[in-house]
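The values are calculated or read from the model by the stated rules, or taken from the named source; none is laboratory data. This is a predicted model, so every value here is computed, not measured. Here the Cβ positions follow ideal geometry from the backbone for every residue, glycine too, while neighbour counts run over all protein chains shown. Ligands, DNA and RNA are stripped out before the accessible areas are found, and what is left, the full protein with its side chains, is counted by its heavy atoms. Shrake-Rupley method; radii C 1.70, N 1.55, O 1.52, S 1.80 Å.
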Amino acid sequence: MKKTAVAGISGGVDSAVCAALLKERGYEVTGVFLNIGGSPDRAAGVCDALGIPLEVIDIRERLERCVVTPFINGYLGCETPNPCVICNHMVKYPILAEAADRLGAEHIATGHYAGIVEIEGVCYLRKGHFERDQSYMLYRLPRSILSRCLFPVGDTPKSEVRAKAAGLGLAAADAPDSMEICFVPGNDYASFIRSRGGGMPEGDIVDVNGNVLGRHRGLLNYTVGQRRGLGVSSGGRLFVTALDAGKNQVVLGGEEHLYKTEIELRDMVWHGSGSGMFDVKVRHSPKTYRARVEGDTVYFDGGVKVTPGQSAVFYKDNIVMGGGVIC
(Lines give C-alpha, C1' and ligand atoms only; values in the text may rest on other atoms or scores of the structure.)
Protein backbone atom coordinates (compact mmCIF):
# COMPACT_ATOMS: atom_id res chain seq x y z
CA MET A 1 0.00 0.00 0.00
CA LYS A 2 1.33 3.44 -0.93
CA LYS A 3 2.49 5.57 2.02
CA THR A 4 1.42 9.22 1.74
CA ALA A 5 2.12 12.37 3.72
CA VAL A 6 1.86 16.13 3.59
CA ALA A 7 4.91 17.91 5.00
CA GLY A 8 4.89 21.45 6.31
CA ILE A 9 7.67 23.25 4.40
CA SER A 10 8.87 26.61 5.70
CA GLY A 11 12.09 26.76 3.69
CA GLY A 12 14.18 26.11 6.80
CA VAL A 13 16.54 23.19 7.31
CA ASP A 14 14.35 21.14 9.68
CA SER A 15 11.32 21.01 7.39
CA ALA A 16 13.53 20.42 4.35
CA VAL A 17 15.22 17.39 5.92
CA CYS A 18 11.85 16.19 7.22
CA ALA A 19 10.55 15.96 3.65
CA ALA A 20 13.79 14.43 2.38
CA LEU A 21 13.70 11.66 5.01
CA LEU A 22 10.08 10.89 4.19
CA LYS A 23 10.99 10.41 0.52
CA GLU A 24 13.88 8.13 1.49
CA ARG A 25 11.48 6.05 3.57
CA GLY A 26 9.18 5.50 0.62
CA TYR A 27 6.51 8.12 1.22
CA GLU A 28 4.76 10.01 -1.54
CA VAL A 29 5.15 13.56 -0.21
CA THR A 30 3.38 16.84 -0.92
CA GLY A 31 4.90 19.97 0.57
CA VAL A 32 2.61 22.58 2.10
CA PHE A 33 3.71 26.18 2.70
CA LEU A 34 1.51 28.02 5.19
CA ASN A 35 1.60 31.59 3.92
CA ILE A 36 1.26 34.54 6.32
CA GLY A 37 2.10 37.08 3.64
CA GLY A 38 5.71 36.27 2.87
CA SER A 39 7.34 34.70 -0.15
CA PRO A 40 7.14 30.93 -0.70
CA ASP A 41 10.32 30.99 -2.80
CA ARG A 42 12.55 29.18 -0.26
CA ALA A 43 9.92 26.49 0.27
CA ALA A 44 9.52 26.15 -3.50
CA GLY A 45 13.28 25.77 -3.83
CA VAL A 46 13.28 22.93 -1.30
CA CYS A 47 10.44 21.13 -3.07
CA ASP A 48 12.03 21.58 -6.49
CA ALA A 49 15.30 20.11 -5.18
CA LEU A 50 13.46 17.13 -3.70
CA GLY A 51 11.17 16.64 -6.68
CA ILE A 52 7.92 16.98 -4.76
CA PRO A 53 4.90 19.21 -5.42
CA LEU A 54 4.18 22.27 -3.27
CA GLU A 55 0.84 23.71 -2.21
CA VAL A 56 0.66 27.27 -0.87
CA ILE A 57 -2.16 27.92 1.61
CA ASP A 58 -3.01 31.42 2.81
CA ILE A 59 -3.56 31.23 6.59
CA ARG A 60 -3.65 34.95 7.39
CA GLU A 61 -7.32 35.17 8.37
CA ARG A 62 -7.14 32.13 10.65
CA LEU A 63 -3.85 33.25 12.16
CA GLU A 64 -5.30 36.69 12.91
CA ARG A 65 -8.41 35.28 14.54
CA CYS A 66 -6.91 32.38 16.46
CA VAL A 67 -3.40 33.59 17.33
CA VAL A 68 -2.70 37.29 16.77
CA THR A 69 -5.80 38.64 18.52
CA PRO A 70 -5.38 36.37 21.60
CA PHE A 71 -1.66 37.27 21.65
CA ILE A 72 -2.45 40.99 21.79
CA ASN A 73 -5.19 40.49 24.37
CA GLY A 74 -2.84 38.40 26.48
CA TYR A 75 -0.24 41.16 26.68
CA LEU A 76 -2.92 43.76 27.34
CA GLY A 77 -4.06 41.49 30.19
CA CYS A 78 -0.55 41.57 31.70
CA GLU A 79 0.42 38.08 30.57
CA THR A 80 3.24 36.78 28.36
CA PRO A 81 1.50 34.39 25.95
CA ASN A 82 3.26 31.78 23.84
CA PRO A 83 1.80 32.17 20.34
CA CYS A 84 3.49 29.03 18.96
CA VAL A 85 1.54 26.83 21.38
CA ILE A 86 -1.72 28.40 20.22
CA CYS A 87 -0.77 28.32 16.54
CA ASN A 88 0.20 24.65 16.49
CA HIS A 89 -3.07 23.68 18.14
CA MET A 90 -5.47 26.08 16.39
CA VAL A 91 -3.89 26.81 13.00
CA LYS A 92 -0.84 24.92 11.74
CA TYR A 93 -1.74 21.30 12.41
CA PRO A 94 -5.48 21.59 11.72
CA ILE A 95 -4.73 23.19 8.34
CA LEU A 96 -2.15 20.51 7.52
CA ALA A 97 -4.75 17.88 8.46
CA GLU A 98 -7.31 19.54 6.20
CA ALA A 99 -4.78 19.56 3.36
CA ALA A 100 -4.00 15.88 3.97
CA ASP A 101 -7.70 15.01 3.85
CA ARG A 102 -8.17 16.93 0.61
CA LEU A 103 -5.13 15.29 -1.00
CA GLY A 104 -5.90 11.83 0.30
CA ALA A 105 -2.73 11.69 2.42
CA GLU A 106 -2.58 9.54 5.52
CA HIS A 107 0.07 11.39 7.51
CA ILE A 108 1.05 14.92 8.59
CA ALA A 109 4.77 15.61 8.95
CA THR A 110 6.75 18.56 10.31
CA GLY A 111 10.33 19.29 11.26
CA HIS A 112 9.61 19.53 14.99
CA TYR A 113 11.90 17.83 17.49
CA ALA A 114 9.36 15.53 19.09
CA GLY A 115 8.15 11.96 18.78
CA ILE A 116 5.11 9.70 18.93
CA VAL A 117 4.84 6.62 21.11
CA GLU A 118 1.98 4.13 21.04
CA ILE A 119 0.89 2.60 24.33
CA GLU A 120 -1.84 -0.04 24.29
CA GLY A 121 -2.98 1.21 20.91
CA VAL A 122 -3.13 4.88 21.96
CA CYS A 123 -0.79 7.56 20.54
CA TYR A 124 1.05 9.93 22.87
CA LEU A 125 3.43 12.79 22.22
CA ARG A 126 6.91 12.34 23.65
CA LYS A 127 10.01 14.48 23.95
CA GLY A 128 12.36 14.82 21.01
CA HIS A 129 16.14 15.20 20.99
CA PHE A 130 17.13 16.48 24.42
CA GLU A 131 18.90 19.61 23.13
CA ARG A 132 16.08 20.61 20.79
CA ASP A 133 12.92 19.11 22.31
CA GLN A 134 9.82 20.97 21.08
CA SER A 135 7.12 18.83 22.66
CA TYR A 136 6.27 21.78 24.93
CA MET A 137 5.04 23.67 21.87
CA LEU A 138 2.83 20.76 20.78
CA TYR A 139 1.27 19.67 24.07
CA ARG A 140 -2.24 20.82 23.13
CA LEU A 141 -2.48 18.71 19.96
CA PRO A 142 -5.44 16.32 20.23
CA ARG A 143 -5.05 12.59 19.74
CA SER A 144 -6.90 12.79 16.41
CA ILE A 145 -3.96 14.85 15.11
CA LEU A 146 -1.20 12.98 16.98
CA SER A 147 -2.29 9.67 15.49
CA ARG A 148 -1.40 11.04 12.03
CA CYS A 149 1.84 12.86 12.93
CA LEU A 150 5.33 12.01 11.75
CA PHE A 151 8.44 13.74 13.14
CA PRO A 152 11.32 12.40 11.02
CA VAL A 153 14.01 14.64 12.56
CA GLY A 154 12.64 14.40 16.10
CA ASP A 155 15.52 12.44 17.64
CA THR A 156 18.36 13.83 15.52
CA PRO A 157 20.94 16.40 16.72
CA LYS A 158 20.71 19.66 14.78
CA SER A 159 24.28 19.28 13.53
CA GLU A 160 23.31 16.01 11.84
CA VAL A 161 20.19 17.60 10.35
CA ARG A 162 22.33 20.33 8.78
CA ALA A 163 24.87 17.78 7.56
CA LYS A 164 22.07 15.77 5.95
CA ALA A 165 20.78 18.88 4.16
CA ALA A 166 24.28 19.74 2.97
CA GLY A 167 24.80 16.20 1.71
CA LEU A 168 21.63 16.52 -0.35
CA GLY A 169 22.75 19.86 -1.73
CA LEU A 170 19.84 21.74 -0.17
CA ALA A 171 20.27 25.51 0.18
CA ALA A 172 18.37 25.26 3.46
CA ALA A 173 21.44 23.62 5.05
CA ASP A 174 22.74 27.07 5.99
CA ALA A 175 19.39 28.65 6.85
CA PRO A 176 19.53 30.30 10.29
CA ASP A 177 17.30 29.06 13.09
CA SER A 178 14.18 31.16 13.50
CA MET A 179 13.94 32.60 17.01
CA GLU A 180 11.32 35.26 16.35
CA ILE A 181 7.53 35.42 16.45
CA CYS A 182 6.65 35.01 12.78
CA PHE A 183 4.00 37.76 12.66
CA VAL A 184 5.89 40.36 14.76
CA PRO A 185 8.32 42.49 12.69
CA GLY A 186 11.77 42.59 14.27
CA ASN A 187 10.42 40.61 17.25
CA ASP A 188 9.39 43.95 18.80
CA TYR A 189 6.08 42.82 20.27
CA ALA A 190 5.42 46.09 22.16
CA SER A 191 5.65 48.19 18.98
CA PHE A 192 3.54 45.63 17.14
CA ILE A 193 0.78 45.81 19.77
CA ARG A 194 0.85 49.61 19.81
CA SER A 195 0.57 49.61 16.01
CA ARG A 196 -2.62 47.61 16.40
CA GLY A 197 -4.13 50.19 18.76
CA GLY A 198 -3.06 48.44 21.94
CA GLY A 199 -1.21 51.23 23.72
CA MET A 200 -1.17 51.31 27.53
CA PRO A 201 -0.69 54.40 29.74
CA GLU A 202 2.34 55.16 31.84
CA GLY A 203 2.21 54.51 35.57
CA ASP A 204 4.19 53.92 38.72
CA ILE A 205 6.95 51.41 39.33
CA VAL A 206 6.71 50.29 42.96
CA ASP A 207 8.50 47.85 45.24
CA VAL A 208 6.75 44.93 46.92
CA ASN A 209 5.83 47.23 49.82
CA GLY A 210 4.17 49.79 47.54
CA ASN A 211 6.93 52.41 47.64
CA VAL A 212 7.19 54.34 44.37
CA LEU A 213 10.54 53.81 42.63
CA GLY A 214 9.91 55.45 39.26
CA ARG A 215 7.63 55.49 36.23
CA HIS A 216 6.94 52.78 33.67
CA ARG A 217 6.26 53.18 29.93
CA GLY A 218 3.10 51.05 29.85
CA LEU A 219 2.58 47.57 31.28
CA LEU A 220 2.90 45.82 27.93
CA ASN A 221 6.61 46.74 27.87
CA TYR A 222 7.31 44.51 30.89
CA THR A 223 7.09 40.85 31.77
CA VAL A 224 7.34 38.95 35.04
CA GLY A 225 10.96 37.98 35.67
CA GLN A 226 12.41 40.88 33.64
CA ARG A 227 15.57 42.47 35.09
CA ARG A 228 16.98 44.72 32.38
CA GLY A 229 15.59 48.01 31.09
CA LEU A 230 13.64 48.87 34.24
CA GLY A 231 14.96 52.43 34.50
CA VAL A 232 15.35 52.47 38.29
CA SER A 233 18.46 52.42 40.44
CA SER A 234 18.89 50.13 43.43
CA GLY A 235 21.53 48.76 45.73
CA GLY A 236 20.65 45.22 44.62
CA ARG A 237 19.24 43.40 41.64
CA LEU A 238 15.54 44.02 41.05
CA PHE A 239 13.11 41.99 38.96
CA VAL A 240 9.55 42.47 37.78
CA THR A 241 7.61 40.31 40.23
CA ALA A 242 4.08 41.32 39.18
CA LEU A 243 2.10 43.51 36.79
CA ASP A 244 -0.89 45.05 38.56
CA ALA A 245 -3.43 46.00 35.89
CA GLY A 246 -5.91 47.39 38.44
CA LYS A 247 -3.41 49.88 39.82
CA ASN A 248 -1.43 50.21 36.56
CA GLN A 249 1.76 49.39 38.45
CA VAL A 250 4.91 47.45 37.72
CA VAL A 251 5.97 45.74 40.96
CA LEU A 252 9.68 45.10 41.56
CA GLY A 253 11.35 42.89 44.12
CA GLY A 254 14.36 40.74 44.77
CA GLU A 255 14.86 37.42 43.00
CA GLU A 256 13.41 35.60 46.00
CA HIS A 257 10.00 37.10 45.23
CA LEU A 258 9.87 35.33 41.85
CA TYR A 259 9.76 31.80 43.23
CA LYS A 260 6.43 30.02 43.52
CA THR A 261 5.67 26.69 45.15
CA GLU A 262 2.06 26.62 43.93
CA ILE A 263 0.44 27.85 40.69
CA GLU A 264 -3.05 27.79 39.19
CA LEU A 265 -3.70 26.78 35.58
CA ARG A 266 -6.51 27.35 33.11
CA ASP A 267 -7.46 25.80 29.75
CA MET A 268 -6.23 22.41 30.92
CA VAL A 269 -5.79 19.46 28.56
CA TRP A 270 -5.14 15.85 29.56
CA HIS A 271 -3.80 13.01 27.43
CA GLY A 272 -3.60 10.47 30.22
CA SER A 273 -4.67 10.05 33.81
CA GLY A 274 -5.35 13.26 35.72
CA SER A 275 -3.84 14.24 39.05
CA GLY A 276 -0.50 12.80 40.16
CA MET A 277 3.25 13.37 40.30
CA PHE A 278 4.89 14.62 37.12
CA ASP A 279 7.99 16.28 35.72
CA VAL A 280 6.76 19.74 34.75
CA LYS A 281 8.08 22.28 32.24
CA VAL A 282 7.02 25.88 32.86
CA ARG A 283 8.67 27.33 29.74
CA HIS A 284 10.23 26.16 26.48
CA SER A 285 13.55 24.93 27.88
CA PRO A 286 15.05 21.54 28.81
CA LYS A 287 14.51 22.12 32.53
CA THR A 288 11.76 20.21 34.34
CA TYR A 289 10.58 20.40 37.95
CA ARG A 290 9.07 17.68 40.08
CA ALA A 291 5.52 18.57 41.06
CA ARG A 292 2.17 17.21 42.18
CA VAL A 293 -0.82 18.15 40.05
CA GLU A 294 -4.27 18.19 41.64
CA GLY A 295 -7.02 19.43 39.38
CA ASP A 296 -5.91 22.80 38.04
CA THR A 297 -3.29 23.39 40.76
CA VAL A 298 0.41 22.49 40.58
CA TYR A 299 2.43 22.04 43.80
CA PHE A 300 6.19 22.11 43.24
CA ASP A 301 8.71 20.34 45.48
CA GLY A 302 10.67 23.61 45.61
CA GLY A 303 10.40 27.21 44.44
CA VAL A 304 10.07 27.74 40.68
CA LYS A 305 10.10 30.92 38.58
CA VAL A 306 6.98 31.12 36.42
CA THR A 307 5.50 33.64 34.00
CA PRO A 308 1.72 34.09 33.64
CA GLY A 309 0.56 33.28 30.12
CA GLN A 310 3.18 30.60 29.54
CA SER A 311 2.24 26.94 29.87
CA ALA A 312 2.97 24.25 32.43
CA VAL A 313 3.34 20.89 30.65
CA PHE A 314 3.30 17.56 32.50
CA TYR A 315 5.56 14.64 31.60
CA LYS A 316 5.82 11.05 32.78
CA ASP A 317 8.77 9.05 31.46
CA ASN A 318 9.27 11.78 28.81
CA ILE A 319 5.69 11.39 27.56
CA VAL A 320 3.35 14.38 27.50
CA MET A 321 0.43 13.72 29.82
CA GLY A 322 -1.20 17.16 29.79
CA GLY A 323 -0.78 20.81 30.62
CA GLY A 324 -2.40 24.20 30.98
CA VAL A 325 -1.82 27.95 30.86
CA ILE A 326 -0.30 29.58 33.93
CA CYS A 327 -2.70 32.08 35.53
Checklist entry - Fully extended, how many nm does the chain gain between residue 44 and residue 212 (0.36 nm per residue separation, minus their Cα-Cα distance)? => result 54.9 nm
Checklist entry - Straight-line reach from residue 316: which lysines have a Cα under 28 Å away, not including same-chain ones fewer than 8 places off? => result 92, 127, 158, 260, 281, 287, 305
Checklist entry - When the accessible area of the chain is computed with all protein chains present and a 1.4 Å probe, what percentage of it is carbon and sulfur? => result 49 percent
Item to check | Local electrostatic count, residue 26, Cβ distance below 12 Å [Lys/Arg +1, Asp/Glu -1] | outcome: +2
Checklist entry - Under a 5 Å amide H to amide H cut-off, with H placed in plane at 1.01 Å, what residues pair with residue 106 once short-range neighbours are removed? => result 4, 5
Checklist entry - residue 320's amide H: which non-local residues (gap 5+, or another chain) put their own amide H closer than 5 Å, with H modeled 1.01 Å from N in plane and none for Pro or chain starts? => result 125, 126, 127
Checklist entry - For the range 185-204, list residues with backbone N below 19 Å from a point placed 7 Å from the Cα of residue 245 toward its Cβ? => result 189-204
Checklist entry - Counting only residues 5 or more places away or on other chains, whose amide H sits under 5 Å from the amide H of residue 306 once H atoms are built in the peptide plane? => result 260
Next on the checklist: Give me the net charge for the shell around residue 268: Cβ to Cβ below 13 angstrom, other residues only, Lys and Arg +1, Asp and Glu -1.
Outcome noted: -2
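If the chain between residue 317 and residue 103 were fully stretched, how many nm would it gain, using 0.36 nm times the residue separation less the Cα-Cα distance? If you can, show how the numbers build up before the last one.
Values: separation 214, 0.36 × 214 = 77.04 nm, distance 3.59 nm.
Residue separation times 0.36 nm, minus the Cα-Cα distance, leaves 73.5 nm.
What is the chain's relative contact order, in percent, from Cα pairs under 8 angstrom and six or more apart in sequence? Walk me through the numbers before you get to the answer.
On the way: 668 pairs, mean separation 49.9, N = 327.
That works out to 15 percent.
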Checklist entry - How much accessible area per residue does the chain have, in Å², with a 1.4 Å probe? => result 46 Å²
Next on the checklist: Once you place label points 7 Å from the Cα toward the Cβ at residue 191 and residue 160, how far apart are they in nm?
Outcome noted: 4.1 nm
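Let me know the shape class of the range 122-199, please: from the alpha-carbon gyration tensor, a ≥ b ≥ c as square roots of the eigenvalues, rounded when a/c is under 1.5, otherwise prolate if a/b is greater than b/c, or oblate.
Cα axes put the range 122-199 in the oblate bin.
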Item to check | Among beta bridges that DSSP assigns inside the chain, antiparallel share in %, nearest 5 | outcome: 65 percent
Next on the checklist: Can you tell me which aspartates and glutamates have their Cα less than 20 Å from the Cα of residue 247? Leave out same-chain residues fewer than eight positions away.
Outcome noted: 79, 202, 204, 207
Next on the checklist: Using a 7 Å offset from the Cα along the Cα-to-Cβ direction at both residue 267 and residue 120, what is the distance between the two label points in nm, to one decimal?
Outcome noted: 3.0 nm
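When only Cα pairs under 8 Å and 6 or more residues apart are kept, what is the percent relative contact order across the range 147-290? List each step's numbers first, then the result.
Details: 142 pairs, mean separation 18.7, N = 144.
Computed value for the range 147-290: 13 percent relative contact order.
Show me the trypsin sites (Lys or Arg not before Pro) within the range 1-106 that DSSP assigns to loop and that have at most 12 other Cβ atoms within 10 Å of their Cβ. Write down the numbers at each step before the final one.
Numbers: sites: 2, 3, 23, 25, 42, 60, 62, 65, 92, 102; in loops: 2, 25.
Within the range 1-106, the qualifying trypsin sites (Lys or Arg not before Pro) (loop, at most 12 other Cβ atoms within 10 Å) are 2, 25.
All other residues with a Cβ under 11 Å from the Cβ of residue 6 taken together, and with Lys, Arg as +1 and Asp, Glu as -1, what is their net charge? Please list the in-between numbers first.
Details: positive: 102, 148; negative: 28, 55, 98, 101, 106.
The answer is -3.
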Checklist entry - Sorted by average packing, counted as other Cβ atoms within 10 angstrom per residue and highest first, what order do 307-318, 207-218 take? => result 307-318, 207-218
